[in-house]
Amino acid sequence: MINQQLINPKSIAIIGGSDDIHKPGGKVVKNLIDHHFKGALYVVNPKMDQVQGLPSYRDVKDLPETDLAILAIAAKFCPATVELLSNQKNTRAFIILSSGFSEENEEGAKLEKQLVDTINKVNGALIGPNCIGVLNQNYSGVFTTPIPKLDSKGCDFISGSGATAVYIMEAGVPNGLTFSSVYSVGNSAQMGVEDILQYLDETFDPRTSSRVKLMYIESVNKPDVLLKHATSLIQKGCRIAAIKAGGSEAGSRAASSHTGALANSDVAVDALFRKAGIVRCYSRSELATVAAVFMHPELKGKNMAIITHAGGPAVMLTDALSNGGLQIPHLEGPKAVELLEKLFSGSSVANPIDFLATGTAEQLGQIIDACDNDFDSIDAMCIIFGSPGLFEVNEVYDLLNQKMNTCKKPIYPILPSIVNVADEIKHFIAKGRINFPDEVMLGNALTKVYNTPKPQSSSNVMPTVDHKKIRTIIESATNGYLEPDKIQELLDAAGISRADEAVVDNLSEALDKAKLLGFPLVMKVVGPLHKSDVGGVVLNVKTLEQVTIEFNRMIQIKDTTSILIQPMLSGTELFVGAKKEGKFGSLVLCGLGGIFIEVLKDIQANLAPINHQEALSMIQNLRSYKIIQGIRGQEPVNEQLFAEVISRTAALCITAPEIAEMDINPLLGKRDRIMAVDARIRIEK
């Protein structure tokens, strides 16, 4: 795993280094030299005695002891080279740039395993293979460009793709984004993205460590590690954004339940990120923009001032912020009048604050001061200032930099004239600033950051369930769908309220149970998965004659084994479901129930365990939340009880991880109760 030889080596050997800077072995040597690695540099090249001014050894055996080896040789030569270095040269860190391993074929996978086994035997660290390398403040061990400005206040960036790492740096560097370190993990043979994040967490120093972490992930192999250490870092004051690519499956896997159809691994990734507090991004430019937002003081409220000398960008920014839930409050009153008097005729301070194309640096300063000191309804400022190319704007940008140093509220600079005033923008960035050239991308990034919840404290109390009873039922069950009586027992053991019911397989028993439960009744077939599709649900049964007629009809429906009889209850139809999602564990979902879940597909998901506050957040983030609140005189649903069902479902799944799929649909919700009316549970051991 990560060691000091990898992070801060005193010596580096490039195996396969050359004079050809258009090849990885040559370019990595050049980068190490150009960016002033302070330790000893060695090169191994069987045909050369000198490479780019450095002495070159013809054989690895001739090398002195070295901390770190960077390999840029054919895959087939790597295992023997690594074995020699680790056993004879005391090398304890390896970066393997070479491809031709597990990403290519089975033979390559065997070579890769040899590398890992050899390095693990000496407790060494391996990055790669099939990567671009490692970049930090100690050395530039990559064969690519750009080499961004490196400082401890920049971003730590971990990428599963070398090329994507380059392109994301290219997206951010021109706008002033800086980096503290870059790890390209390639095939993640020994260490993946999660392992690097764990290292950054375990070595975090609030005085010197970067507080911004970025990730590009193609496969979440250790979701528990990612959740634990992302949560820990964020609770230490860091901010994290990530792209998880490869989320669009060619359609959901065929599934027999609503939960199975709605839940997939990408929903699980969403839930994991939200639980950890990670801002999820979907493009390189979005990740770079979110990272740039992270580099500014944290937005504490949702009220934005838009300060502009151009109307169109202000309108587009207003749309982006408003659509994402942020607000642009109207400014009025004596202070607004006082500010307007300082501006040219035709200006507006209503918000957006438009001080016209002829506005001056002095006027911009007055507007910023007013927003910072006079308008309590403003939490942050977005300032749009470009140029039609008629005059220099250095004075404006210098003032903007000065105000960003002194203002109490965050300022986000939008300098869109990247051609007309390119030199002035470079001057602004050279002061350590970051530019947001596109106002809509900034608006979308701000709303995404603001709307991503902070991770919940792990100390919150989980609901108590009857662990012994649950395990007894599960251990005696076989794979497949549980019988209704066993489902009832599981719900009872989990503390989930349910409707009284009876399962009958003959008419005489149906009539007896109907008298006992009382009218009106609901009758449902047991057996067919989608009951309503086959005419297997009858509501509002009011007489014994109806019971007789419907029993005789329904028992003949294909796959029907018995009939479920329940009292006819009323309330808003709700849904809670769960699904086992591989390494992620159990994914729990909620939404409106009945047919609405199929039509609206309005769900929220989270990973078990789920505390009460997390469950409430799931409910309140539903698009249909106003229905739950009780719109237009409709009786509201008891949110606290709904949240308890969600939390208890998660606790049930933790206790019984053999639950592969589970639907409680519908739950009937009213002001004073939540009642499970129908449920399905499938066991997979």
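Run through segment 320-408 and list the trypsin sites (Lys or Arg not before Pro) located in a DSSP loop whose Cβ has at most 12 other Cβ atoms within 10 Å.
The qualifying sites are Lys408.
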*Distance from segment 641-684 to segment 389-443 (C-alpha centre basis), Å*: 52 Å
_Give the separation of the Cα centroids, segment 29-45 to segment 459-488, in Å._
61 Å
*Quick one: angle between helix 507-517 and the longest Cα principal axis of the chain, in degrees between 0 and 90, rounded to 10, please.*
80 degrees
*Label zone at Gln4, where the point sits 7 Å out along the Cα-to-Cβ direction: segment 44-82 residues whose backbone N lies under 15 Å*: 67-68
*asked:* Within 12 Å, Cβ to Cβ, of Leu641, how many net charges do the neighbouring residues add up to if Lys/Arg are +1 and Asp/Glu are -1?
replied: +1
_Can you return the aspartates and glutamates within cross-link range of Lys30? Criterion is Cα-Cα under 16 Å, with same-chain partners fewer than 8 residues away left out._
Asp19, Asp20
*For a footprinting-style exposure proxy, rank Asp376, Asp398 by other Cβ within 10 Å, fewest first.*
Asp376, Asp398
*Sketch the reach of a paramagnetic label on Gln88 as a point 7 Å from Cα along Cα-to-Cβ, and name the residues of segment 44-69 whose backbone nitrogen lies under 11 Å away.*
59-64
*If we count every other residue with Cβ under 10 angstrom of Gln198's Cβ, Lys/Arg +1 and Asp/Glu -1, where does the sum land?*
-2
_Local net charge near Val599, Cβ-Cβ under 15 Å (Lys/Arg +1, Asp/Glu -1)_ = -2
*Let me have the relative contact order for the chain, percent, based on Cα pairs under 8 Å that are six or more residues apart.*
9 percent
*Rounded if a/c under 1.5, otherwise prolate or oblate - the chain, Cα gyration tensor axes*: oblate
*Listed here are the pairs Lys486/Lys579; Lys10/Lys61; Lys469/Lys601; Lys236/Lys403; Lys149/Lys300; which of them are more than 22 Å apart at the Cα?*
Lys469/Lys601; Lys236/Lys403; Lys149/Lys300
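Find how much the distance from Asp512 to Arg553 grows on full extension, using 0.36 nm per residue of separation minus their present alpha carbon separation; answer in nm with one decimal.
13.0 nm
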*Any aspartates and glutamates with Cα under 19 Å of the Lys213 Cα? List them, leaving off those in the same chain fewer than 8 positions away.*
Asp151, Asp156, Glu170, Glu194, Asp195, Asp201, Glu202, Asp205, Asp224, Asp270, Glu286, Glu298
*Between the alpha-carbon centers of segment 593-623 and segment 109-128, tell me the distance in whole angstrom.*
43 Å
*Rounded tilt (10° steps) of 223-235 against the dominant C-alpha axis of the chain*: 70 degrees
_If you fit an axis through the alpha-carbon atoms of helix 639-655 and take the longest principal axis of the Cα set of the chain, what angle between them do you get, 0 to 90°, nearest 10?_
80 degrees
*With each pseudo-label sitting 7 Å past Cα toward Cβ, what's the Lys426-Met462 distance in nm, one decimal?*
5.7 nm
*Glu218 to Glu65: FRET efficiency via 1/(1 + (r/R0)^6), r the Cβ-Cβ distance, R0 41 Å, to the nearest 0.05?*
0.70
_Let me test this: with uniform point scatterers at the alpha carbons of segment 500-568, what is the Debye-based log₁₀ I(q)/I(0) at q = 0.15, 0.18, 0.25, 0.28 1/Å?_
-0.37, -0.54, -1.07, -1.35
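Before anything else, pin down the relative contact order of segment 304-433: Cα pairs under 8 Å, at least 6 apart, normalised by residue count, whole percent.
Relative CO of segment 304-433 lands at 27 percent.
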*Counting other Cβ atoms within 10 Å, keep those with at most 12, restrict to DSSP loop, and tell me which trypsin sites (Lys or Arg not before Pro) in segment 263-332 are left.*
Lys300
*How do Ser56, Ser624 rank when sorted from fewest to most other Cβ atoms within 10 Å of their own Cβ?*
Ser624, Ser56
*Report the antiparallel proportion of the DSSP beta bridges in the chain as a percent, rounded to a multiple of 5.*
50 percent
_With an 8 Å Cα cut-off and a minimum separation of 6 or more residues, compute the relative contact order for segment 52-118 in percent._
34 percent
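FYI, it's all coordinate maths here, none of it is from the lab. If you're wondering where the values come from, they're calculated on a predicted model, not measured in any experiment. Don't worry about glycine lacking a Cβ; one is built from the backbone with ideal geometry, like all the others, and counts go over all protein chains shown.
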